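Beneath this line is the structure, given in structure tokens, with notes to follow.
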Amino acid sequence: MSALLEAPRETREPSPRRRPRTRTGLAVFVCVLALALAAGTALHTLAPELFGFSLVVESALPWFGLAIPVLLVMAFVSRAKGAVIAALVPALVWSVMFVPAIVPLSWSAPAASADTLTVASQNVEADSGTAADSATALAASGAQVIALQEMDSDARDQVEAVLSDKYPYSYGIGTVGVWSTYPILNAQALDLGLGWQRAIAADLQTPTGLVSIYVIHAASARPGEHGDRDTMLANLADYIPRDENDRILMVGDFNAGSSDRNIAGLTEQLSEANQSAGGFGFTWPAAMPVTRPDHVLQRGMEVTSNTTMRAGSSDHLAVLTTLNL
């Protein structure tokens, strides 16, 4: 009877779990930083060239991708969906801009034809004293054409002694030179508007016809001091539409990375193949490359392989490219 008279006990509903608190300040910081990174990456050519700021940014542009994982971690720590979405924006921008350029060429490269041309190019660094070592290594690579930059008179003599037997055709001026197993025709020096000569143009007489070749050692580029380089690259771009040959090679030290706005006049008319093994193919400094001022640009041919290699003790890696003629 007492059990019947006992008051019913109150039933308590379980308290809802607390959601993790959003860290608003961190989320806002991530959003601002992510959108700034995306805008800076995508719209870098619109930034004014103040105090050489654009030169530094554009040389380092591929490395901006390292900030993306950090932003994503910070976004997850903030527990804000908006921050995570914002962090994905620069990831998307970077992927669109750079992933196609780092896909291995070996995945899609055409087979080598019966007639191929292998060209090697390197800034041999005049003070290294190893231009002859570079020439020896590049000749051993099997290249039919070797283009060298930053040579002084002693380096040129040393290279000539190494290459003259195997490469009977050569032409050089100033700091640049080219050695070839194919005859070199119509060779001329180019001053590219500076009044001093650091570039050459010539025709290679290959078994399948003429191929234009340009070898360039662009003026140095430093923050606030890259006007001469910009002038050289702009004037060099003007030669391409006037070139009478269907096939063009333009090689050397351009002192401009692939994402530098001042090389766009060349890359809009000529193409540069991906690396055979993938990646950016950075060439400078040789001990730990962080940028690629050395290029092999071309028109009218198919690239079957494209690599970098150590040659001599230069501060630049050499580039080695094989093309179907």
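No value in this document is a laboratory result; all are computed from the given coordinates. Here the structure is a predicted model, which is why all the values come from computation and not from measurement. Ideal geometry is used to build each Cβ from the backbone, glycine not excepted, and the neighbour counts take in all protein chains shown.
Check each of the chymotrypsin sites (Phe, Trp or Tyr not before Pro) in region 34-130 and keep only those in coil by DSSP with at most 13 other C-beta atoms within 10 angstrom; list them in order. Intermediate values should be presented prior to the final figure.
On the way: sites: F51, F53, W63, F64, F76, W94, F98, W107; in loops: F51.
In loop regions of region 34-130 (DSSP not H, G, I, E or B), the sparsely surrounded chymotrypsin sites (Phe, Trp or Tyr not before Pro) are F51.
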query = Build a GNM of the chain with springs between Cα atoms under 10 Å: which of R292, R310, R242 gets the top mean-square fluctuation?
reply = R242
inquiry  = Quick check: residue separation of R222 and R79 times 0.36 nm, minus the Cα distance between them. What number comes out in nm?
reply    = 47.3 nm
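What is region 160-243 by shape, rounded, prolate or oblate, if you read a ≥ b ≥ c off the alpha carbon gyration tensor as root eigenvalues and call it rounded for a/c under 1.5, prolate for a/b larger than b/c, and oblate otherwise? Walk me through the numbers before you get to the answer.
Working: a/c = 2.94, a/b = 1.63, b/c = 1.80.
The shape class here is oblate.
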query = What's the angle, to the nearest 10 degrees (0 to 90), between helix 153-163's Cα axis and the longest principal axis of the chain?
reply = 80
request  = Name the shape class, rounded, prolate or oblate, that the alpha-carbon gyration tensor gives for region 210-296, where a ≥ b ≥ c are the square roots of its eigenvalues, rounded holds for a/c under 1.5, and otherwise prolate holds if a/b is larger than b/c and oblate otherwise.
outcome  = oblate
request  = Using only Cα atoms, find the angle between the long axis of helix 67-78 and the longest principal axis of the chain, and express it within 0 to 90 degrees, rounded to the nearest 10.
outcome  = 0
ask   = Using the Karplus equation 6.51 cos²θ - 1.76 cosθ + 1.60 (θ = phi - 60°), what ³J(HN,Hα) coupling, rounded to whole Hz, does each residue of region 195-202 give in order, writing x for Gly and Pro?
value = x, 9, 9, 9, 7, 9, 10, 7
inquiry  = Bin width 5 Å, origin at 0, all Cα-Cα pairs of region 171-324: what percent of pairs per bin?
reply    = 2, 9, 18, 23, 23, 16, 7, 2, 0, 0
ask   = If you take the square roots of the eigenvalues of the alpha-carbon gyration tensor of region 74-116 and sort them as a ≥ b ≥ c, do you get rounded (a/c under 1.5), prolate (a/b over b/c) or oblate?
value = prolate
query = Using alpha carbons only, how many degrees (0 to 90, rounded to 10) separate the axis of helix 81-102 from the longest principal axis of the chain?
reply = 20
ask   = Quick one: in the chain, what % of C-alpha pairs are over 30 Å apart?
value = 43
